[in-house]
Protein chains: 2
Amino acid sequence: MTTKPSKLAISTWAQLLRTSQRFTDQVEAALKHAQLPMLGWYDILLELHRAGSDGLRQFELGEKLLLPKHNLSRRIDKLQQEGLAERYLCESDGRGNVIAITDEGKKLLAKMWPVYAAQIEVLFEENLSGAEQQQLSALLEKLSKV
Amino acid sequence: MTTKPSKLAISTWAQLLRTSQRFTDQVEAALKHAQLPMLGWYDILLELHRAGSDGLRQFELGEKLLLPKHNLSRRIDKLQQEGLAERYLCESDGRGNVIAITDEGKKLLAKMWPVYAAQIEVLFEENLSGAEQQQLSALLEKLSKV
DNA sequence: TCATTTTAGTTGCATATGCAACAATATCGA
DNA sequence: TCGATATTGTTGCATATGCAACTAAAATGA
């Protein structure tokens, strides 16, 4: 903390937060308009889909999604109730669960993606060239080194 | 929506959301550790501070912070209860309120800033040069054209 | 082996947020 | 002017989230 962050750092930081919030809001609005569940559900289902039929340990899912465990616990309850995911007892660890997506879950994912994708298209791809996207990606990559 | 967003666009988008969430989490953790209120309070107080002694209309505040009105309404209740902000009736518009920061609010802002700033320092400035920050800022600027 | 500590997950309770309905005032248009 | 509509803000209710305490099982280590 020898030098305070520069004006530039502060304003860039603020831009980053603001941009991500505006984008999120916009995607949420689009999903709601299409009468689909929130982005949070999409994120979970996508990770489960990626994990394939073996599923994922609950804590692994939490780490990927940056979600605290108690929060995740209840979201999975919901997904399970809706028949979008299944929760098994873990064979190799008596404490744990394994979560897997169902066919219903995959269907929902497939319905949500076009809506989500259209927003990425509008918000993102229209405003940055491929080269600029690559620049942005590289800069964000550096930031995630923390 | 002629072409779906490219892989690059999608992954850069994901990076953006993820980075901003990780950073926010980290700042929240630091504030909590210092027994200070959440980032949301800081944001409000900062906007009020910027607005000066004239204060701001409640809806203006909401626009700046991207907060829905009902949410803001109750946050201001809290700030008011804690003596951090004042709510006046607006003279020129009988429906409206004017919100202004109090001296207590300014003091809190001053206590929160070093904690916040230290996180920006660590998370942000250590990983990007000035030139890179400027690049990032410019790219985010383009994105906000939406 | 077996007591101690860690890890995985759930639950109760308090707080925060979203949504829709509402009240009050301002603005617009015939 | 005055009725219809839009804007500003609040509130009740449902849902979501955070926090701390809890259970149960694994890992550690003497």
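The values are calculated or read from the model by the stated rules, or taken from the named source; none is laboratory data. Owing to the predicted nature of the structure, the values given are computational and were not obtained by experimental measurement. For neighbour counting, all protein chains shown are included, and Cβ atoms are generated from backbone atoms with ideal geometry for every residue, glycine included. Accessible surface areas use protein heavy atoms only, side chains included; no ligands, DNA or RNA. Shrake-Rupley method; radii C 1.70, N 1.55, O 1.52, S 1.80 Å.
The table for this structure:
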{"item": "Trypsin sites (Lys or Arg not before Pro), loop per DSSP, at most 13 other Cβ atoms within 10 Å - longest free stretch of chain B", "result": "B:1-94"}
{"item": "At q = 0.09, 0.13 Å⁻¹, base-10 log of I(q)/I(0) for the protein assembly as shown (Debye sum, equal scatterers on each alpha carbon)", "result": "-0.54, -1.08"}
{"item": "Percent RCO, i.e. relative contact order, over chain A, from Cα pairs under 8 Å lying at least 6 residues apart", "result": "23"}
{"item": "Using a 7 Å Cα-to-Cβ projection, B:Ala110 label spacings across copies, nm, ascending", "result": "6.2"}
{"item": "Expected-Rg normalisation [2.2 N^0.38 Å, Cα atoms] applied to the range B:34-123", "result": "1.09"}
{"item": "Total accessible surface hidden between A and B, rounded to 100 Å², 1.4 Å probe", "result": "5400"}
{"item": "Estimated dipole of the protein assembly as shown in Debye, rounded to 20 [Cβ of Lys and Arg +1, of Asp and Glu -1, Cα centre]", "result": "180"}
{"item": "Where labels lie 7 Å past Cα in the beta-carbon direction, separation of A:Glu60 and A:Glu104 in nm", "result": "2.4"}
{"item": "Among A:Leu56, A:Leu45, A:Leu123 - extreme Cα towards positive end, dipole of the range A:37-123, charges at beta-carbon", "result": "A:Leu123"}
{"item": "Accessible surface, chain B, averaged per residue in Å² (probe 1.4 Å)", "result": "56"}
{"item": "Selected from A:Leu67, A:Leu39, A:Leu31 as most flexible by GNM, with chain A as the system and alpha-carbon contacts under 10 Å", "result": "A:Leu67"}
{"item": "Cα-based Lys proximity count in chain B, under 27 Å, for pairs eight or more positions apart or on separate chains", "result": "23"}
{"item": "Dipole of the protein assembly as shown [Lys/Arg +1, Asp/Glu -1 at C-beta], most positive-end residue of B:Cys90, A:Leu109, B:Ser20", "result": "B:Cys90"}
{"item": "Solvent-accessible area, 1.4 Å probe, carbon plus sulfur percent, for the range A:6-73", "result": "55"}
{"item": "7 Å along Cα→Cβ, label-point gaps from A:Ala138 to other copies, nm, shortest first", "result": "1.3"}
{"item": "Residue of chain A nearest the A-to-B rotation axis [by Cβ], rounded angstrom distance", "result": "A:Ser20, 2"}
{"item": "Label-point separation, B:Val115 to A:Trp113 (7 Å along Cα→Cβ), nm", "result": "4.3"}
{"item": "Sites matching GluC sites (Glu not before Pro) across the range B:54-122 that sit in DSSP coil, with at most 12 neighbouring C-beta atoms within 10 Å", "result": "B:Glu91"}
{"item": "Dipole in debye (nearest 20) - the range B:34-123, about Cα centre, beta carbon charges: Lys, Arg +1; Asp, Glu -1", "result": "200"}
